[in-house]
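The values are calculated or read from the model by the stated rules, or taken from the named source; none is laboratory data. Bear in mind that the values here come from a model prediction, so they are computed numbers and not experimental data. In this analysis, Cβ positions are derived from the backbone assuming ideal geometry, glycine residues included, and neighbour counts consider all displayed protein chains. Protein only, heavy atoms only, side chains kept; ligands, DNA and RNA dropped before computing areas. Shrake-Rupley method; radii C 1.70, N 1.55, O 1.52, S 1.80 Å.
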Amino acid sequence: MQVLYIILGALVALILGLFVFSLYLPSRLKIERSLVIQARPEVVFHEVDTLRNWERWSPWHQLDPNMKIVYGEKESGAGAGYSWESKKRNVGRGSLLITESRPYEFIATNINFMDHGSSKGYFRFEPAGEDTRVTWGMEMTIGQNPARKFLGLLMDKWVGRDFERGLQGLNRAVKS
């Protein structure tokens with residue numbers, strides 16, 4: 001019986017310790033990846049600014065080529081958007097809207113993951129000699145929920161890997 005109390009006490013201490021630790025974890029996430037792409041800024045910018053092009057390089061489009069995509073009336077620039085729906089759990093459903101588009105410099109997006117919240121995405125385009133440094137980033141608020149905060153620790157690895165694949169795909173798309 002004494003062993004059971006020790007195990008229960010250790011479990012309570014562990015749970016309490018994890019809860020206290022979670023108080024120090026950030027409630028906002030910022031995930032960012034960059035790649036120098038062998039093309040001029042205007043070429044890379046137009047590839048990203050035109051949403052139909054994402055089917056050629058976006059990592060999520062590659063995960064489910066059969067996902068249903070509905071584009072808005074605008075194809076590019078601020079106000080352009082699309083919604084998607086996939087039967088694959090890791091793609092899910094949601095919508096994306098370009099909220100700001102500064103030619104050859106910056107694109108900002110709002111991404112709604114429906115039941116999983118929303119985030120702000122962005123692309124920065126910086127000349128790097130004859131090439132372009134493209135930075136793809138995302139910021140989101142995860143709140144104070146301890147479980148979501150611990151999950152947030154893994155988001156950089158998961159989403160960052162997708163951004164890396166997407167930037168590599170973008171590099172291939174602008175070369176072809």
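Which lysines, on any chain, are close to residue 120 with Cα under 20 Å apart, when same-chain ones fewer than 8 places away are left out?
Hits, sequence-local ones excluded: 30, 74, 149, 157.
Roughly how many nanometres apart are two label points built 7 Å out from the Cα toward the Cβ at residue 112 and residue 172?
Computed distance between label sites residue 112 and residue 172 equals 3.2 nm.
Along its principal axes, what span do the Cα atoms of segment 102-150 show, with the longest given first and each in whole Å?
Computed over the Cα atoms, the extents are 45, 20, 12 Å.
What per residue convex hull volume, in Å³, do the alpha-carbon atoms of segment 29-142 yield? If you can, show how the numbers build up before the last one.
On the way: hull volume 10.9 nm³, N = 114.
Taking the convex hull of the Cα positions in segment 29-142, it is 96 Å³ per residue.
R0 = 41 Å: FRET efficiency of residue 46 with residue 144, Cβ-based, nearest 0.05?
Values: r = 41 Å, r/R0 = 0.99.
Using R0 = 41 Å, I get an efficiency of 0.50.
Using a probe radius of 1.4 Å on heavy atoms only, what accessible surface per residue do you get for the chain? Whole Å² is fine.
Spelled out: the 1.4 Å probe surface of the chain, per residue, equals 61 Å².
Going 7 Å from the Cα of residue 128 toward and past its Cβ, which residues in segment 103-122 have a backbone nitrogen under 18 Å from where you end up?
What the label zone holds, given the 18 Å backbone N cut-off, is 104-107, 122.
What angle, in degrees between 0 and 90 and rounded to the nearest 10, separates the Cα long axis of helix 2-23 from the longest principal axis of the Cα atoms of the chain?
30 degrees
Give, as a single signed number, the net charge of other residues whose beta carbon lies under 14 Å from the beta carbon of residue 117, with Lys and Arg counted +1 and Asp and Glu -1.
Numbers: positive: 28, 93, 120, 148, 149; negative: 115, 139.
Summing Lys/Arg as +1 and Asp/Glu as -1 gives +3.
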